[in-house]
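Only one structure is covered here, and it is reproduced in the block below.
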Amino acid sequence: MTGPMSFDYAPAPESRSVVDLRSSYGLFIDGKFADPADARSFKTVNPATEEVLAEVGEAGPADVDRAVTAARRAYTKVWGPMPGRERAKYLFRIARIVQERSRELAVAETLDNGKPIRESRDSDLPLVAAWFFYYAGWADKLEHAGLGADPRPLGVAGQVIPWNFPLMMLAWKIAPALACGNTVVLKPAETTPLTALLFADVCRQADLPPGVVNIVTGAGATGQALVEHPDVDKVAFTGSTPVGRQIARAVAGSTKRVTLELGGKAANVVFDDAPLDQAVEGIVNGIFFNQGHVCCAGSRLLVQENVHDEVLERLKRRMATLRVGDPLDKNTDVGAINSAEQLARIRALTDVGDAEGAERWSAPCELPAHGYWFAPTLFTGVSQAHRIAREEIFGPVLSVLTFRTPHEAVAKANNTPYGLSAGVWTEKGSRILWMAERLRAGVVWANTFNQFDPASPFGGYRESGYGREGGRQGLAGYLA
Amino acid sequence: MPTGASATPSRGLAEVAASEASLRRFLAGLPGVDQVGAEARAATLATRSIKTTAKATAIDLAIRMIDLTTLEGTDTEGKVRTLVAKALRPDPLDPGCPSVAAVCVYPDRVGLARQALGAASLHVASVATAFPAGRSSLVVKLRDTADAVEAGADEIDMVIDRGAFLSGRAMAVLDEIVAVKQACGRAHLKVILETGELVTYDNVRRAAWLAMLAGADFVKTSTGKVQPAATMPVTLVMLEAVRDFRAATGRQVGVKAAGGIRSSKDAIRYLVMTGEVAGNDWLDPDWFRFGASSLLNDLLLQRQRMATGHYSGPDYVTLD
């Protein structure tokens, strides 16, 4: 008999020919692509290769004003007065087109964002379609949403979304807004504008009336112009807590409605009676899914002291099997960091972790020579006082802490200014309920992590923001 | 892996089987299996895309891991001879095609299989212990085993007493496996858990540990006579068990997935799972087997396609 073999997977790249990217994109305003008034543009790159994918228009205040004007006109003349059952038809149509074009959209997402094709294909795109299907179903039933007998749309929504789940965040924002009768001006993130621009084409394909969805690309200044525009009735933002604060300040004193979905530093609590192999999967999924670029990532592992060594041994063994590399390869588990800037932030914070005395361990893996990469990493010996236990790293970095009793687990889990999500791992049902009552987090997952469904409301406490997205509750942010 | 077991493995595990109470405590203390999580993990592993050179490697490895099986009341001498010939040279037109690991037959066909093999070094596996129900006295089960071994079987596939296991008599199950192992002499013992009758993954994990504690060389999912037979999640749980058992005791135990694996695609998924969950040490016919009959022909068709670039038809592989 021969000795043990290694079963090396041959490259299995998804074809990028399914997506036809143009070399430059304008802004999508009033149903048409148009160049920005002052003809400014920026480049969007593939973070896995640093290759420039396209030039994208940078919207200035005049462009934002045109977009808001178009949205207002569409709201007043077409979308606002349209019966819910008619709006639903458009949303169902969008959902179906997203499904039909899901391979193309998944490849585009992976190219622009750096996330593995397995995730964009199996997670992002199915959820995008699900979100449109779900809210399409609500459009003609709003009077049954528990928000009054005749809830009315707010008007024009200005929506600013992040780069971690570009198309999914677009769906979370646009689907409920349109179902409720609002029109939108959406600004995708500077580093990931492409799928929003492809979505503009989906809207045209669905014959959505001009002006109902407008896409303005750009950086922070564009977003600022949008949220500060006087004719915007509603501001919806997902992103960092500092920017969320700026937005809250900018709209203070106005009549604009605001929902904010901000950062997090979620605790993933593993008790000694947990199903350990599945808990390890949950820890991995909690922090390495989407390279840890997840606001609800389980970035703090709280493990019961008496199983710490065993859990860590299993976790490291599992992390060593993670396949890091080409995001378009169908067997890749962990892709590229989205930008040089984000990579620099992850490096800076992990260096602080070293300096503060935590012990770093990284999965053994070969990182590509070009692009932005960071190996899946964990820190042990972390205390509540360390910065890596307090600040959102937004990368594939796990801080491991221990606890002795359920009370200590709750106290440590809640000892953060954030409150977006938490995880509990135990075979004891009563303890799950006991923990869920006490954890200050908008979402508590039990024996699972990072599960999303359009029917389930999502959102945070305290510095993780306010308002809920998803479910019946997600309608409240777009109705009066 | 149970805490405490890892500190002083051999002594710790010897104490485990000291009494019915200690054995039950040990098995109940194994970490639980979350059904949703285990199934999700298996489903994710099933999305691996194995192409070109990796696929060619996997197909040959899968062929080498097959226990080519016929377990029918209608098995004739001719059927067994055909099976043996096919096991030795699965693709008569391609001498480069590897042999399978073993042929697997009922005890009364072992002598014939051994004779048909001649000097070839293929393993002869036999089911025993009143397969598939296992409902007979220990005396009969041991005689059944000894018969097969005397006739030339060097691998015995026994069934556990599921009735005893499910009613909480773990010690009875353990004692029976120990006795059969003794009756096997130098033959390797594969212990069939019949996971379709154990139903829960927690039971599968406990039964796998029980079999390993009793001295099993392999743990095997199913007889093939009960549905569901082998599934990805059940095999996942068993792969975790053998991995943890080796970490605790230093002894490596093999896994055999039997029943219901018919396509090359499925077989490759099991290989992916074995490599990623248990580790590359298990990617060898000594440590992982497929109990199958129709799987071989699909692997051969895929193998021919990789060589020629086109699909042939069912008439280009041999009937069993």
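The values are calculated or read from the model by the stated rules, or taken from the named source; none is laboratory data. Note that this is a predicted model, so its numbers are computed, not measured. All Cβ positions, glycine included, derive from the backbone under ideal geometry; neighbour counts span all protein chains shown.
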query = Among the numbered criteria (1) within 14 Å of another protein chain (Cβ to nearest Cβ); (2) touching a residue at least 60 places away in the same chain (Cβ under 8 Å); (3) crowded, with 23+ Cβ neighbours inside 10 Å, which single criterion is violated by B:Glu276?
reply = (3)
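Show me the helices (runs of 4 or more DSSP H) entirely contained within the range A:27-132 in which 2 or more residues are in contact with a Gly (Cβ under 6 Å, 6 or more places away or on another chain) and within 21 Å of A:Pro176 (Cβ to Cβ). Steps first, answer last, please.
Details: elements: A:61-74, A:84-100, A:102-113.
Hits in the range A:27-132: A:61-74.
One line per residue, one yes/no per condition, for (1) at pLDDT below 95; (2) not in a strand (DSSP E or B):
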{"site": "B:Pro2", "(1), (2)": "yes, yes"}
{"site": "B:Ser6", "(1), (2)": "yes, yes"}
{"site": "B:Arg48", "(1), (2)": "no, yes"}
{"site": "B:Thr57", "(1), (2)": "no, yes"}
{"site": "B:Ala62", "(1), (2)": "no, yes"}
{"site": "B:Asp67", "(1), (2)": "no, no"}
{"site": "B:Asp75", "(1), (2)": "yes, yes"}
{"site": "B:Arg81", "(1), (2)": "no, yes"}
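Can you tell me which residues in the range A:1-17 are more than 24 Å from the chain's Cα centre (by Cα) and either more than 14 Å from chain B (Cβ to nearest Cβ) or at pLDDT 95 or above (or both)? If you could, list the steps in order and put the result at the bottom.
Going residue by residue through the range A:1-17, those that are more than 24 Å from the chain's Cα centre (by Cα) are A:1-13, A:15, A:17.
Listed by number, the residues that qualify are A:Tyr9, A:Ala10, A:Pro11, A:Ala12, A:Pro13, A:Ser15, A:Ser17.
Looking only at the range B:262-272, how many residues end up being aliphatic (A, V, I, L, M) and within 15 Å of the chain's Cα centre (by Cα)?
Step one: list which residues in the range B:262-272 are aliphatic (A, V, I, L, M), which gives B:267-268, B:271-272.
This time we only want the ones that are within 15 Å of the chain's Cα centre (by Cα), so: B:267, B:271.
Residues that pass the stated criteria total 2.
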query = Out of curiosity, is A:Pro230 away from chain B (no Cβ under 14 Å), of a type outside the set (Gly, Ala, Ser), free of Cβ contacts under 8 Å to residues at least 40 places away in the same chain and under 27 Å from A:Gly114 (Cα atoms)?
reply = no
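Hey, among A:Ala274, A:Ala279, A:Ala200, which residue is within 20 Å of the chain's Cα centre (by Cα), small (Gly, Ala, Ser) and buried (at least 20 other Cβ atoms within 10 Å of the Cβ)?
Values: A:Ala274 fails: within 20 Å of the chain's Cα centre (by Cα); A:Ala279 fails: within 20 Å of the chain's Cα centre (by Cα).
Result of the check over A:Ala274, A:Ala279, A:Ala200: A:Ala200.
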inquiry  = Among the residues that make up the range B:298-306, is at least one of them outside any helix (DSSP H, G or I) and under 26 Å from B:Lys190 (Cβ atoms)?
reply    = no
task = Go through the residues of the range A:226-233 one by one and say whether even a single one is in the same structural domain as A:Leu401 (by TED's automatic domain parsing) and either surrounded by fewer than 23 Cβ atoms within 10 Å (Cβ to Cβ) or of a type in the set (Phe, Trp, Tyr) (or both).
result = no
Members of the range A:434-451 that are within 14 Å of chain B (Cβ to nearest Cβ) and in contact (Cβ under 8 Å) with a residue 24 or more places away in the chain = A:Trp445, A:Asn447, A:Thr448, A:Phe449, A:Asn450
query = Within the set of pairs 6+ apart or on separate chains, which have a first residue in the range B:292-315 that is at pLDDT below 95, a second that is hydrophobic (A, V, I, L, M, F, W, C) and surrounded by fewer than 21 Cβ atoms within 10 Å (Cβ to Cβ), and C-beta atoms under 8 Å apart?
reply = B:Met306/B:Ala56; B:Tyr311/B:Leu301; B:Ser312/B:Leu301; B:Pro314/B:Leu301
task = Pull up the range B:241-252, narrow it to residues that are touching a helix residue (DSSP H, G or I) at 6+ places or on another chain (Cβ under 8 Å) and crowded, with 24+ Cβ neighbours inside 10 Å, then point me to the one that is nearest to A:Phe7 (Cα to Cα).
result = B:Val242
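Going by what's in this entry, would A:Ser41 be described as away from chain B (no Cβ under 14 Å), in contact with a Lys or Arg (Cβ under 8 Å, 6 or more places away or on another chain), among the hydroxyl-bearing types (Ser, Thr, Tyr) and under 29 Å from A:Ala219 (Cβ atoms)?
Numbers: away from chain B (no Cβ under 14 Å): yes; in contact with a Lys or Arg (Cβ under 8 Å, 6 or more places away or on another chain): no; among the hydroxyl-bearing types (Ser, Thr, Tyr): yes; under 29 Å from A:Ala219 (Cβ atoms): yes.
No, not satisfied.
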